Amino acid sequence: MDGTLSLRSPGILYLHGFCSSPASWKSQLLADELAKRGLAGHFACPQLSPVPDEAVTQASRLIEQASGLVTLMGSSLGGHYANYLAEKYGLPAVLVNPAVVERLDLALFVGEHANFHTDERFVFTAEHAAQLLAQVRRPTPGRYWLLLEEGDEVLDYRQAQAFYAGCRQTVLPGGDHSFTQFPEFVPQLIEFAGL
């Protein structure tokens, strides 16, 4: 699916959330800003499989093919994947309103879903939930920058605040699950990635 996608180093690998895609507004905003700076090749956002083990395999391939440092950025479920991959490869990661899988009732997600951008339908199964739980890794505090908005209507920001205790955290009032203040952080995120 993403055989032609590559990532120059240093680079940013953006991992979108559940039912999302590379067309997400945060991914597009980062891609556009990096392109303006002549750094388009230093950004990748693959269309992740809805199957958790396949999603991390896709992202792992891009990390392993990169010639140097990759900074992971993940939103919602992509934040969970970024956590797993940051621990697997020893990489820095920015997590935006991330899903804390071990604190969620994953049974609520079992069933059919449609991608927000493509309308492609997929079924999330109990086996997929088990795959997510098997990917849970305790965060190494120095690797992460957590961006949370207290107004997140999908996930309780306090779960992430507790799970990532000791990590750099920016917790803002208001907002929603999309992290409405993301545009203000784009320059800092690019700097964090060493670009």
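The values are calculated or read from the model by the stated rules, or taken from the named source; none is laboratory data. Just so it is clear, the structure is predicted and the values come from calculations on it, not from any experiment. So basically every Cβ, Gly included, is an ideal-geometry build from the backbone, and we count neighbours across all protein chains shown. These accessible areas exclude ligands, DNA and RNA; they are computed on the full protein's heavy atoms, side chains included. Shrake-Rupley method; radii C 1.70, N 1.55, O 1.52, S 1.80 Å.
Brief remarks follow.
- Only one entry in Leu30, Leu15, Leu34 is open to solvent by less than 20 Å² (accessible area, probe 1.4 Å), under 16 Å from Ala59 (Cα atoms) and modelled with pLDDT of 95 or more, namely Leu15.
- Of all residues making up the range 110-162, the number that are over 21 Å from Phe182 (Cβ atoms) and either more than 15 Å from the chain's Cα centre (by Cα) or basic (Lys, Arg) (or both): 27
- Matching residues, the range 71-112, being in contact with a Lys or Arg (Cβ under 7 Å, 6 or more places away or on another chain) and farther than 21 Å from Thr140 by Cβ: Glu112
- Members of the range 96-114 found to be surrounded by fewer than 17 Cβ atoms within 10 Å (Cβ to Cβ) and not in a helix (DSSP H, G or I), listed by number: Asp105, Val110, Gly111, Glu112, His113, Ala114
- Asp119 satisfies every condition listed in (1) without any contact (Cβ under 8 Å) to a residue 24 or more places away in the chain; (2) in a loop (DSSP other than H, G, I, E, B); (3) within 26 Å of Pro10 (Cβ to Cβ) except (3).
- Among the residues of this structure, Arg138 does not count as one that is of a type in the set (Lys, Arg), part of a helix (DSSP H, G or I) and more than 21 Å from Pro10 (Cα to Cα).
- Candidates are the residues of the range 1-53 that are aromatic (Phe, Trp, Tyr) and not in a loop (DSSP other than H, G, I, E, B); the one that is nearest to the chain's Cα centre (by Cα) is Tyr14.
- Residue match in the range 60-78 (condition: surrounded by fewer than 23 Cβ atoms within 10 Å (Cβ to Cβ), among the β-branched types (Val, Ile, Thr), assigned to a helix (DSSP H, G or I) and out of contact with any Phe, Trp or Tyr (no Cβ under 7 Å at 6 or more places or on another chain)): no
- Number of residues in the range 127-149 that are over 19 Å from Thr57 (Cβ atoms), open to solvent by less than 70 Å² (accessible area, probe 1.4 Å) and of a type outside the set (Asp, Glu) equals 9.
- Conditions (1) more than 28 Å from Gly68 (Cβ to Cβ); (2) of a type in the set (Gly, Ala, Ser); (3) open to solvent by 20 Å² or more (accessible area, probe 1.4 Å): number failed by Ala160: (3)
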